[in-house]
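**Student:** Take a look at the following structure, please.
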Amino acid sequence: MAEVLVYVDHVDGAVRKPTLELLTLARRIGEPVAVALGAGAADTAAVLAEHGAVKVLTADAPEFADYLVVPKVDALQAAYEAVSPAAVLVPSSAEGKEIAARLAVRIGSGIITDAVDLEAGDEGPVATQSAFAASFTTKSRVSKGTPVITVKPNSAPVEAAPAAGAVEALAVTFGALATGTKVVSRTPRESTGRPELTEAAIVVSGGRGVNGAENFHIIEELADSLGAAVGASRAAVDAGWYPHSNQVGQTGKSVSPQLYIASGISGAIQHRAGMQTSKTIVAINKDAEAPIFDLVDYGVVGDLFAVVPQLTEEIKARKG
Amino acid sequence: MSLRIVVCVKYVPDATGDRHFADDLTVDRDDVDGLLSELDEYAVEQALQIAEEADDAEITVLTVGPEDAKDALRKALSMGADKAIHVEDDDLHGTDVMGTSLVLAKAIEKAGYDLVITGMASTDGTMGVLPAILAERLGVPQVTLLSEVKVEDGTVTGRRDGDSASEQLEASLPALVSVTDQSGEARYPSFKGIMAAKKKPVESWDLEELEIESDEVGLEGSWTAVDSAAQRPARTAGTIVKDEGEGGKALAEFLAGQKFI
Ligand SMILES: Cc1cc2nc3c(=O)[nH]c(=O)nc-3n(C[C@H](O)[C@H](O)[C@H](O)COP(=O)(O)OP(=O)(O)OC[C@H]3O[C@@H](n4cnc5c(N)ncnc54)[C@H](O)[C@@H]3O)c2cc1C
Ligand SMILES: Cc1cc2nc3c(=O)[nH]c(=O)nc-3n(C[C@H](O)[C@H](O)[C@H](O)COP(=O)(O)OP(=O)(O)OC[C@H]3O[C@@H](n4cnc5c(N)ncnc54)[C@H](O)[C@@H]3O)c2cc1C
């Protein structure tokens, strides 16, 4: 059976959920061979094997942390040359997309970004994409070279499918461009203990209606009662009420959770672009005419300062 | 020595319009008004600020697109860019990101540059990968997704706010930079700027001029193929209730019914 390269997104050996989803999709096309780079790369093997990786290629070198993107492209290219895969799958993070893109142009292949589904087809894998703020669904293929496809988080279930997951060291030679962009310093984002926004099953977001940083605890408390991630509209972020890293939308994160709860958000097209593929959408807004209500499965027309705390209390009571 | 900045800007259908695909599954550009991609305004803004700091700098704005794309160039010129290049050719219709990046790379090399600046993503394709591909094609460092950028003594530095960390980056010119909408509000063209833009040069280049064969671009030359595009069915009308004191409880009941609680 054909092999499929899967680029592993991990933090010091802890594999992030979107990579496990990629393994599910990769198995529809062939046998997944995972590529894990950087500190802790070898520690990823057990969980990757449990989810279907027949092989795990690993490499570590200071270049991966000290320079931007290109060293990882050099390594993925080395894996590509060693394996000759039928496709290369990469998680659709900002960095993942850049790595995939540079690999694609190097190996003379087309690229599809932000796929939300993937199926085997007669002429190679068929990717489903969501266009124009998710108002269209397209099906596309790579018609030249080896398909390089980046896939959005929450696009496939995580499934156990035990495989050998034999670890092999990958030999990487860095090219002249690898050291072009130096990472002078790195400040890790502080962990909130809440789920990662793009990966969360439930996202609770607040917008301009929250009316101040000091009120965002209302949104956070609702999120915590549901084990959810917290999101924000750009209006709330621009006002300095919540960090940019929590922005949902075209220029923020794109989320696709099982449940999205928008409070005090009008539903501008740029916000919708980032949340419209959520499975169930709920909104709380005091304006019955707000465009967000066009999207909802359930909407409450009302003051969020009354509705949200009552909802949080009720959830806590029901959960006991 | 003069700092030569090339800013890549895209002409896109207005996101607030009713965007859709044409019969050949390319973007229908006739039915919806086009404009300079809003995210590229941030790229023009950063170019202007870098030029203001430099002793001597020249900003060229570059677009690949249909005839109307000149509007996007005019907007960038009225913000303060010095000149414009429009790559226009019927054979470009339906070009994918590999083709677009090839055309941009050839045009940038022909124009001459020390620094290339792009937006973080277009507001239509929204791939966000063209800058990285362009850097690869040009063989220069990519300093991408910057929320802060500075150019001094032949070095570009900037801050990249990533998913898990914020990074301080550094590279030598020539380099390619992409900027996010966090990089700083884009200025509005002044009346004087709009008048001045009318006199600024806009060059038109075609594929022949760039020594690109027509089968390297366009629908035929694409490395990807769109097989179908379907409008997403409108969401079935949801339940909407007015809060009269029990709205939160009613919502909890709905969430419990959906097994979220
Ligand atoms: C290039 C570009 C990119 C953009 N990218 C993004 C993006 O990534 N994400 C994003 O979100 N936006 C983005 N925007 C901005 C977007 O156009 C909107 O301005 C933004 O989404 C509005 O945020 P909001 O809904 O919180 O605010 P508003 O539109 O001001 O809506 C606030 C809502 O809160 C309601 N409200 C007020 N008080 C209460 C209350 N007490 N109880 C209940 N409801 C209340 C109001 O009725 C209103 O509907 C972008 C814009 C541009 C031009
Ligand atoms: C809905 C949709 C989905 C698509 N999916 C794919 C796909 O999966 N694979 C594929 O190969 N192509 C795809 N395309 C085509 C692709 O978007 C175009 O080829 C486009 O020219 C390059 O990508 P982008 O506009 O998405 O730019 P991005 O990668 O988002 O690039 C951002 C920056 O590049 C610069 N830029 C981009 N285009 C131009 C231009 N024409 N002139 C000047 N500067 C420019 C701007 O500075 C812009 O801010 C898609 C297009 C659409 C509309």
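**Student:** Averaged across B:120-129, how many Cβ atoms of other chains sit within 10 Å of each residue's Cβ atom?
**Tutor:** Numbers: counts 3, 5, 0, 7, 2, 3, 11, 8, 9, 13.
The per-residue average across the peptide is 6.
**Student:** Using protein heavy atoms only (no ligands, DNA or RNA), what is the total accessible area buried between A and B, 1.4 Å probe, nearest 100 Å²?
**Tutor:** 7000
**Student:** Using only the alpha-carbon atoms of the range A:209-320, report the extent along each of the three principal axes, biggest first, to the nearest angstrom.
**Tutor:** 38, 28, 25
**Student:** What number do you get for the range A:2-81 when its Cα radius of gyration is normalised by 2.2 N^0.38 Å, N = residues?
**Tutor:** Working: Rg = 11.8 Å, N = 80, 2.2 N^0.38 = 11.6 Å.
Against the empirical 2.2 N^0.38 Å value, I get 1.02 for the range A:2-81.
**Student:** Now, a different point. Probe radius 1.4 Å, ligands and nucleic acids ignored: give me the carbon and sulfur share of the accessible area of the range A:50-151 as a rounded percent.
**Tutor:** 44
**Student:** Across peptide B:38-45, what mean number of C-beta atoms from other chains lies inside 10 Å of a residue's C-beta?
**Tutor:** 1
**Student:** Right, another one. Kindly state, to the nearest 0.05, the FRET efficiency for A:V11 paired with B:I194, given R0 = 45 Å and r defined as their beta-carbon distance.
**Tutor:** Using R0 = 45 Å, I get an efficiency of 0.35.
**Student:** Can you give the mean number of other chain Cβ atoms that lie within 10 Å of the Cβ atoms in peptide B:231-239?
**Tutor:** Values: counts 4, 10, 1, 3, 6, 1, 4, 11, 6.
For peptide B:231-239, the averaged partner shielding equals 5.
**Student:** Let me ask you something else. Search the structure for amide H atoms under 5 Å from the amide H of B:I261, placed 1.01 Å from N in the peptide plane, and list their residues when 5 or more places away or on another chain.
**Tutor:** When sequence neighbours closer than 5 places are left aside, the close amide H contacts are B:A256.
**Student:** Please sort A:76-87, B:117-128 by packing, taking for each peptide the average over its residues of neighbouring beta carbons within 10 angstrom, highest first. Spell out each step's value before the answer.
**Tutor:** Working: A:76-87: 19.1, B:117-128: 24.5.
Final packing ranking: B:117-128, A:76-87.
**Student:** Can I ask one more? Apply the Karplus parameterisation 6.51 cos²θ - 1.76 cosθ + 1.60, with θ equal to phi minus 60°, to every residue of the range A:311-319 and state each ³J(HN,Hα) to the nearest whole Hz, in sequence, with x for glycine and proline.
**Tutor:** Per residue, the Karplus-derived 3J(HN,Hα) values read 4, 4, 4, 5, 5, 4, 4, 5, 6 Hz.
**Student:** What are the chymotrypsin sites (Phe, Trp or Tyr not before Pro) within the range B:184-261 that DSSP puts in a loop, where the Cβ has at most 11 other Cβ atoms within 10 Å?
**Tutor:** Sparse-neighbourhood loop chymotrypsin sites (Phe, Trp or Tyr not before Pro): none present.
**Student:** Which cross-chain or sequence-distant (5 or more) residues have an amide H under 5 Å from the amide H of B:V177, H modelled 1.01 Å from N in plane?
**Tutor:** Long-range HN contacts for B:V177: B:V116, B:I117, B:T118, B:V143.
**Student:** Kindly write out, for the range B:19-28 in residue order, the coupling ³J(HN,Hα) from the Karplus curve 6.51 cos²θ - 1.76 cosθ + 1.60 (θ = phi - 60°), rounded to whole Hz, with x marking Gly and Pro.
**Tutor:** For the range B:19-28, the Karplus-derived couplings read 6, 7, 9, 7, 4, 8, 6, 9, 5, 6 Hz, x marking Gly and Pro.
**Student:** Right, something else. Can you compute 3J(HN,Hα) from phi for each residue in the range A:180-186, using the Karplus curve 6.51 cos²θ - 1.76 cosθ + 1.60 with θ = phi - 60°, rounded to whole Hz and x for Gly and Pro?
**Tutor:** x, 10, 7, 8, 6, 7, 9
**Student:** Starting from the eigenvalues of the Cα gyration tensor, five times each then square-rooted, give me the equivalent ellipsoid semi-axes of the protein assembly as shown, largest first, whole Å.
**Tutor:** 37, 31, 23
**Student:** Taking amide H positions as placed in the peptide plane 1.01 Å from N, state which residues far from A:A131 in sequence (5 or more) or on other chains have amide H under 5 Å from it.
**Tutor:** Residues meeting the amide H criterion: A:F136, A:T137, A:T138.
**Student:** Further question: Solvent-accessible area of B:D68, probe 1.4 Å, all protein chains present, reported in Å² to the nearest ten, please.
**Tutor:** Surface accessible to solvent at B:D68 totals approximately 80 Å².
**Student:** List the pairs from A:K97/B:K198; A:K144/B:K75; A:K286/A:K319; A:K17/A:K319; A:K279/B:K150 whose alpha-carbon separation is above 30 Å, in the order I gave them.
**Tutor:** Beyond 30 Å: A:K97/B:K198; A:K144/B:K75; A:K279/B:K150.
The values are calculated or read from the model by the stated rules, or taken from the named source; none is laboratory data. Keep in mind that this is a model prediction, so the values were computed, not measured. FYI the Cβ positions are ideal-geometry reconstructions off the backbone, even for glycines, and counts take in every protein chain you see. Please note that ligands, DNA and RNA were not included when accessible areas were found on the heavy atoms of the full protein model with its side chains. Shrake-Rupley method; radii C 1.70, N 1.55, O 1.52, S 1.80 Å.
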